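So the structure is just underneath, and the comments pick up after that.
The values are calculated or read from the model by the stated rules, or taken from the named source; none is laboratory data. Small disclaimer: the values here were computed from a predicted structure and weren't measured. Because the Cβ atoms are built from the backbone with ideal geometry, glycine has one as well, and the counts that use them run over all protein chains shown.
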Amino acid sequence: RRQSGSGAGSREAGSDPDVGPNSLQGYELEANGYFAVEVRESQDGSKFAELVLRRPLDREREPSLRLVLTALDGGEPPRSGTAQLCINVTDANDNAPVFAQERYRVSLREDTPPGSVVLHVSASDSDEGSNARITYGFAEMPAKVLQKFAVAAENGTVTLREALDFEDTRGYTLLVEARDGGGLVAHCKAELEVLDVNDNAPEVTLTSVSSPVPEDAAPGTVVALLKVRDRDSGENGQVWCELSGEAPLSIVASSGGSPISTGLLVLPCLAPFFPSCATETP
């Protein structure tokens, strides 16, 4: 048996009861890409063959080799004998794990419940036995990310540990590693996009208020400057301002602002001030 990548040799000896030139004179080895035969002589004068490895073995390509060794004498005509050599190549941990994908991309709603499966990563190793046994884990990442996600060591299943919040973090990058039994490691990257859900109500802020309002205030007098904000995104973050009740007031866009998000509360005619409200776009 030979270990993959080994440079070891092997000795093989034949015998011939004849003497002199009719005795054993040399060896020949069947042509192959790995081994050569060298004839050595022991202290008692007998000859033996030494099988010498010429280039590294590769168990993943050729797990075993069968060769024919021929022993030749010096007679006329020469006689020969053969031996079948079976060489089993044992595994060396010369292959690191390989991920099925170098990069994974996943989208998650921010209301995904903790405990949900985020994705599965998988890696393979062309070695055998313990050298091919893969354990999954996370590489070095910020503590905030490690608190949010977990990966199963035995099968590479990534799960959510804590609730997501789009308004806090809109995406995560996970660095997953696969380690074989011999200590070789491979890495892949998983990019997680957090999708917004409509979980925030609009917020109305009055940044400037004229109070009390004089009874002789002219139409068009600014009563208040208001700003409306919704932390959601896209359509979920679009709001529309309106006044409740029969308020003799109107909302107009402030300079550089949007009539949806910022505006001036003005007095079109003499009347008391009524509170305002904001609603999300239907």
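A few remarks follow.
- Those residues of segment 90-99 which are assigned to a strand (DSSP E or B) and modelled with pLDDT of 90 or more, in sequence order: V98, F99
- Exactly one residue out of G81, G75 is in a strand (DSSP E or B), surrounded by 11 or more Cβ atoms within 10 Å (Cβ to Cβ) and over 53 Å from the mean Cα position of the chain (by Cα): that is G81.
- Candidate set: segment 36-66, residues that are of a type in the set (V, I, T) and over 30 Å from A96 (Cα atoms); chosen: the one modelled with the lowest pLDDT: V39
- Single match in A217, A224 (criterion: in a strand (DSSP E or B), over 29 Å from R109 (Cβ atoms) and at pLDDT 70 or above): A224
- Qualifying residue in segment 125-146 (condition: among the charged types (D, E, K, R) and touching a residue at least 60 places away in the same chain (Cβ under 8 Å)): yes
- Once segment 88-129 is narrowed to residues that are in contact with a strand residue (DSSP E or B) (Cβ under 8 Å, 6 or more places away or on another chain), surrounded by 12 or more Cβ atoms within 10 Å (Cβ to Cβ) and charged (D, E, K, R), the residue that is nearest to D168 (Cα to Cα) is E110.
- Of all residues in segment 143-186 being crowded, with 20+ Cβ neighbours inside 10 Å and more than 19 Å from Y104 (Cβ to Cβ), the one that is farthest from the chain's Cα centre (by Cα): F166
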